[in-house]
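The values are calculated or read from the model by the stated rules, or taken from the named source; none is laboratory data. Values in this document were obtained by computation on a predicted structure and should not be read as measured data. Cβ placement follows ideal geometry from the backbone for every residue including glycine, while neighbour counts extend to all protein chains displayed.
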Amino acid sequence: MVEHFASQSLRAYHEQTLSADEDARVREHLADCARCRTELTALTELARDLRALRAPPVAGLAERVIARLDAERDSARLSVIAAAGDDTAPRIPAASRAWVIARQRLPQTLVLSFVIGVAITLLKDLGTLLSDGITVQTCAVCGANFVAAFVLLNVWLLVGRPRAWP
């Protein structure tokens with residue numbers, strides 16, 4: 001009785017990931033076994049077909065997405081302005097206005113949070129930094145400080161909606 005190779009072995013042979021001895025065994029078997037040759041051919045064609053399924057990048061997609069986001073941002077900004085200064089304009093819920101404000105201030109909160117995170121890390125771990133240098137642990141602590149500052153600043157913006165901060 002002829003022992004056939006499993007699909008996994010044939011796939012490994014196709015991908016050239018077998019050891020030299022195993023590769024020689026499969027090659028020898030394929031010379032005599034039409035069933036395994038047929039299965040290897042099917043695997044090869046499947047791999048080729050799957051590679052062909054990759055869709056080419058859509059030209060101009062990034063530009064269209066950015067333009068759509070800009071238009072949405074401008075539309076939301078105009079709605080907030082209209083709602084704030086015109087009694088006849090439809091009122092936007094306070095939560096929506098808060099999100100618009102938070103989105104507008106996102107670049108500022110990112111920079112401020114980074115500075116706060118680094119400052120907190122330096123204040124807390126300056127001795128460790130000076131003695132051990134920058135380690136994975138200090139980077140993780142700095143990252144956690146950044147995230148905490150970022151979350152707190154944005155919650156403050158959403159809940160408190162300060163008027164003085166540009």
Note down all Cβ pairs under 6 Å where the first residue falls in the stretch 138-158 and is of a type in the set (Gly, Ala, Ser), the second is surrounded by 14 or more Cβ atoms within 10 Å (Cβ to Cβ) and at pLDDT 80 or above, and they're at least six residues apart or on different chains. ALA149/SER113; ALA149/ILE116; ALA149/GLY117
How many of the residues in the stretch 24-63 are under 39 Å from the mean Cα position of the chain (by Cα), of a type outside the set (Ser, Thr, Tyr) and outside any loop (DSSP other than H, G, I, E, B)? 15
Could you pull out the residue among LEU18, LEU53 that is modelled with pLDDT of 85 or more and either farther than 30 Å from GLY143 by Cβ or surrounded by 12 or more Cβ atoms within 10 Å (Cβ to Cβ) (or both)? LEU18
